[in-house]
Amino acid sequence: MAPRNARPSTESTDPGLAPLSSLPGVGPALAAALERLGLACVQDLWFHLPLRYEDKTCVTAIADLRPGDRVQVVGSIEEVERGFRYRPQLKVAIGDGAGHTLQLRFFHFRRAQLEQLQPGTRLLCFGEVRQGAHGPEMIHPQYQRIGDGEAVAVEERLSPIYPTTEGLGQKRLAGVVAKALALLPGDAQLELIPGALCADHGLTSLRDALLYVHRPPPDAALAQLVQGRHPAQQRLAFEELLAQHLSLKRLRAAVRHRHAPALGGDGTLQQALHAALPFRLTAAQQRVTREVMADLACPKPMLRLVQGDVGSGKTVVAALAALAAVESGRQAALVAPTELLAEQHLRNFRHWLEPLGIEVEWLAGKVTGKARQKALARVAEGAPVVVGTHALMQEGVAFAQLGLVIVDEQHRFGVQQRLSLRDKGADHGSGLVPHQLVLTATPIPRTLAMSAYADLDVSSIDELPPGRTPVQTVAVSNARRAEVIERIHAACRGGQQVYWVCTLIEESEQLRAQAAEVAHAELSAALDDCRVGLVHGRMKSKEKQAVMDAFKAGELAVLVATTVIEVGVDVPNASLMVIENSERLGLAQLHQLRGRVGRGAVASSCVLLYQPPLGQLARERLQVMRETSDGFRIAEKDLELRGPGEVLGTRQTGQLAFRIADLARDAHLLPAVQQVGERMLAKNPREAERLVMRWIGASARYAQA
Ligand code: ADP
Ligand code: MG
């Protein structure tokens with residue numbers, strides 16, 4: 001926490017910092033439930049924003065119900081049925097008296113409830129309408145009984161629905177929020193963004209914005225609120241994005257504050273590699289290499305993201321960086337997200353570095369027993385270059401003097417993991433931390449990169465090596481599968497190599513493997529004079545490697561694979577790819593997969609097999625794939641179609657879980673967020689700190705540690 005001595009008078013009277021137990025009616029049990037939500041002081045409740053709203057301001061006629069609506073309905077109970085067949089179920093039919101009925105279904109219910117629900121009773125229900133077997137239904141609706149002749153009381157305004165936790169109902173939570181809001185001070189005290197900056201960027205009253213989102217007035221535009229586009233929401237989204245930006249910037253400043261070994265090197269090993277390579281670096285590779293080398297030569301930890309489309313040649317840039325570390329007497333580690341990819345790096349690195357007399361150590365999860373002991377010992381003794389998977393980040397791996405960590409395919413790692421690697425490499429004797437180079441093949445739209453990676457510098461390899469011919473892409477219905485197989489046959493006879501990718505998403509690895517086995521059998525039978533190989537995630541890593549090697553050596557004409565080949569696999573002679581069920585994959589994944597072909601000089605093509613009928617989104621995706629092979633355009637489009645959580649692959653890791661902001665929707669705010677952020681960091685660091693605490697609280701405290 002910040003020292004409190006600067007302006008004790010304001011802060012000690014800041015009602016926002018009062019503990020929640022100071023609110024009337026908040027006892028230990030309620031305080032504990034709120035604590036589970038990360039809510040500790042009054043201001044935490046001010047900024048505990050509704051997830052969405054329910055409209056209980058009117059009643060919808062049963063005759064007008066449409067599936068998907070979340071609405072309020074009134075009706076009289078016509079029939080009650082208890083089913084016991086498979087599990088207890090309570091079905092209550094309510095009607096409007098004019099022949100229209102709505103079925104309410106409950107799977108958990110109490111005896112007391114049963115007794116209340118007698119035919120003839122009038123109910124006011126709220127829930128989501130679904131299309132049931134016999135007309136509209138609601139599963140577990142909220143409901144209350146209305147007495148005979150009693151008027152139906154509807155809400156005056158939209159009801160906010162807050163994120164909550166087990167044992168804390170919406171009503172109770174809304175009640176405490178209301179008590180906290182009663183203490184909301186005026187803007188003079190609440191606002192942390194300096195007045196001049198607010199004026200420059202047209203930022204309106206924060207107090208009004210908070211009151212609006214917590215208690216939208218009766219006439220609020222629901223559609224606008226639902227989309228998060230109301231000015232009050234946009235005002236808060238601005239502030240949330242600003243808080244996130246400031247916290248990443250501070251995180252970065254904290255790391256940059258530490259010391260790293262200066263890896264200037266003498267260039268001898270790098271020159272030797274340049275001389276041995278069968279190609280010249282592209283201008284983009286040279287520029288990015290220079291940027292990386294300049295960072296490495298400084299005694300401050302590098303934090304650099306190198307983004308470059310599939311096939312743009314990031315690996316060799318990484319190898320040169322590793323050599324700079326070795327030239328300076330330090331170790332370099334390269335970490336990849338999958339074993340297949342790590343193995344491929346291992347082979348590349350060994351191929352390039354061993355002729356220069358540099359040992360490359362291998363450390364993956366599957367390296368066990370004696371081999372592992374030996375590898376660990378070598379790493380501890382100072383093996384110059386180590387390649388591996390996540391295992392490298394786990395406990396028990398000690399480096400002699402790690403100077404550089406290279407992380408490939410960063411979009412699969414979260415900020416947390418980046419931090420853990422950094423700490424892993426910290427040399428506690430000397431206080432030195434390693435430099436960090438992050439490689440990603442998922443081009444990130446600039447707007448997103450600015451926000452999501454504000455803790456990193458970004459270099460782009462925006463040019464492909466010469467001689468690549470663009471991949472011709474077509475979308476073909478599965479009804480024409482036989483034709484496609486015929487085409488493969490012709491291609492194989494002509495000496496080309498083919499990938500056949502089986503995709504099953506959200507199924508088990510086992511099901512995926514089975515699907516691949518089925519396709520393998522089908523193709524083996526159809527292409528009787530060609531050798532067809534199979535690789536999937538359930539195979540042992542040795543087996544996988546043997547198949548990949550055979551394919552690379554040209555011994556196999558066709559490789560049937562699951563999406564394990566998505567990243568990193570490099571077989572330049574493969575020039576045709578068929579992707580099954582392509583309509584089910586996201587753009588980023590399709591782009592990655594397609595990047596496996598078009599790596600050599602031969603003209604390549606990609607067949608996107610799909611199962612008709614195509615939905616609207618799927619149709620758009622396939623269209624984008626046919627139109628462009630520019631990873632940046634595809635990423636922009638992906639962002640548009642899917643949203644940033646998916647694009648960044650962060651949905652699981654929970655980072656970038658905003659309360660109100662949405663990077664895709666609110667990207668237009670980012671340039672102003674950056675400007676305000678820079679100014680505040682320079683001129684108002686105290687307010688910046690408080691702003692981060694307000695929005696990010698505990699996690700920011702962690703990141704600072
Ligand atoms: P990615 O950026 O997708 O990781 P790689 O580093 O795997 O790409 O490079 C793809 C292929 O291009 C590899 O076979 C690599 O050896 C080759 N390559 C890299 N740089 C060049 C270059 N400047 N000229 C020709 N080929 C190159
Ligand atoms: Mg790569």
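Taking only the alpha carbons of segment 162-303, what extent do you get along each of the three principal axes, in Å, biggest first?
73, 41, 32
Amide H of residue 405: which non-local residues (sequence gap of 5 or more, or other chain) have their own amide H closer than 5 Å, using H built in the peptide plane?
Amide H to amide H, under 5 Å and 5 or more residues apart or across chains, residue 405 pairs with 333, 435, 436, 437.
Largest first and in whole Å, give the semi-axes of segment 104-239's equivalent ellipsoid, each being the square root of 5 times a Cα gyration tensor eigenvalue.
Here the semi-axes work out to 40, 17, 14 Å.
What does the extension gain come out to for residue 80 and residue 100, with contour length at 0.36 nm per residue minus their alpha carbon separation?
On the way: separation 20, 0.36 × 20 = 7.20 nm, distance 1.59 nm.
Taking residue 80 through residue 100 to full extension adds about 5.6 nm, to one decimal.
Past 23 Å, Cα to Cα: identify those pairs from 374/542; 91/171; 366/544, in the order given.
Long pairs (Cα-Cα over 23 Å): 91/171.
Between segment 544-603 and segment 610-629, how many Å separate their Cα centres?
Taking the Cα centre of segment 610-629 as reference, the centre of segment 544-603 is 20 Å away.
List the aspartates and glutamates whose Cα lies under 14 Å from the Cα of residue 56, skipping any in the same chain that are fewer than 8 positions away.
Those aspartates and glutamates meeting the cut-off are 69, 128, 155, 156, 219.
Which ordering of 440, 368, 628 is given by a fewest-first count of other beta-carbon atoms within 10 Å?
On the way: 440 23, 368 9, 628 15.
Starting with the residue having the fewest Cβ neighbours, the order is 368, 628, 440.
Once you keep just the Cα pairs under 8 angstrom separated by 6 or more residues, what percentage relative contact order results for segment 541-638?
Working: 109 pairs, mean separation 26.8, N = 98.
Answer for segment 541-638 is 27 percent.
Pull up all non-local amide H partners of residue 60: gap of 5 or more, or a different chain, and H-to-H distance under 5 Å with H placed in the peptide plane.
Excluding prolines and chain starts, which carry no amide H, the hits are 72, 73, 74.
For the chain, what relative contact order do you get, as a whole percent, if you take Cα pairs closer than 8 Å and at least 6 residues apart? Intermediate values should be presented prior to the final figure.
Numbers: 1234 pairs, mean separation 88.5, N = 705.
After rounding, I find 13 percent.
Where a Cα-Cα gap under 19 Å defines reach, which lysines qualify for residue 300, not counting those fewer than 8 residues away within the same chain?
List returned: 249, 424.
Just want the ordering: 621, 304, 122, from fewest to most Cβ atoms lying within 10 Å of their own Cβ. Write down the numbers at each step before the final one.
Values: 621 27, 304 21, 122 17.
The fewest-first ordering by Cβ neighbours comes to 122, 304, 621.
Counting Lys and Arg as +1 and Asp and Glu as -1, each charge on the Cβ, what is the dipole of the chain about the Cα centre in debye, to the nearest 20? Don't skip to the end; give the middle numbers.
Details: 80 positive and 75 negative charges, 209 e Å.
Dipole magnitude for the chain comes out near 1000 debye.
Quick one, can you get me the convex hull of the C-alpha atoms of segment 238-320 expressed as volume per residue in Å³?
Details: hull volume 8.9 nm³, N = 83.
Each residue corresponds to 107 Å³ of Cα convex hull volume.
For segment 288-400, what's the relative contact order in percent, using C-alpha pairs closer than 8 Å and at least 6 residues apart? Mind dumping the intermediate values first?
Numbers: 131 pairs, mean separation 30.5, N = 113.
Relative CO of segment 288-400 lands at 27 percent.
Computed over the Cα atoms of segment 54-106, what is the convex hull's projected area averaged over all directions, in nm²?
Numbers: hull surface 17.8 nm².
Across all orientations, segment 54-106 yields a mean hull projection of 4.5 nm².
Of 523, 168, 663, how do they rank once you tally other Cβ atoms within 10 Å and put the fewest first? Before the final figure, lay out the partial values.
Working: 523 21, 168 18, 663 24.
Ranking 523, 168, 663 by Cβ neighbours within 10 Å, fewest first, gives 168, 523, 663.
Take segment 285-356, drop everything but the C-alpha atoms, weight them equally and run the Debye formula without solvent; then report log10 I(q)/I(0) at 0.15, 0.21 Å⁻¹ to two decimals.
-0.54, -1.06
Straight-line reach from residue 637: which aspartates and glutamates have Cα under 17 Å away, leaving out those fewer than 8 places along the same chain?
Partners found: 309, 583, 620, 627, 646, 662, 666.
Just from the alpha-carbon atoms, what are the Rg and Dmax of the chain in angstroms?
Values for the chain (Cα only, Rg and Dmax): 29.9, 93 Å.
FYI, it's all coordinate maths here, none of it is from the lab. What you see is a predicted model; the values in this text were computed from it and never measured. In this analysis, Cβ positions are derived from the backbone assuming ideal geometry, glycine residues included, and neighbour counts consider all displayed protein chains.
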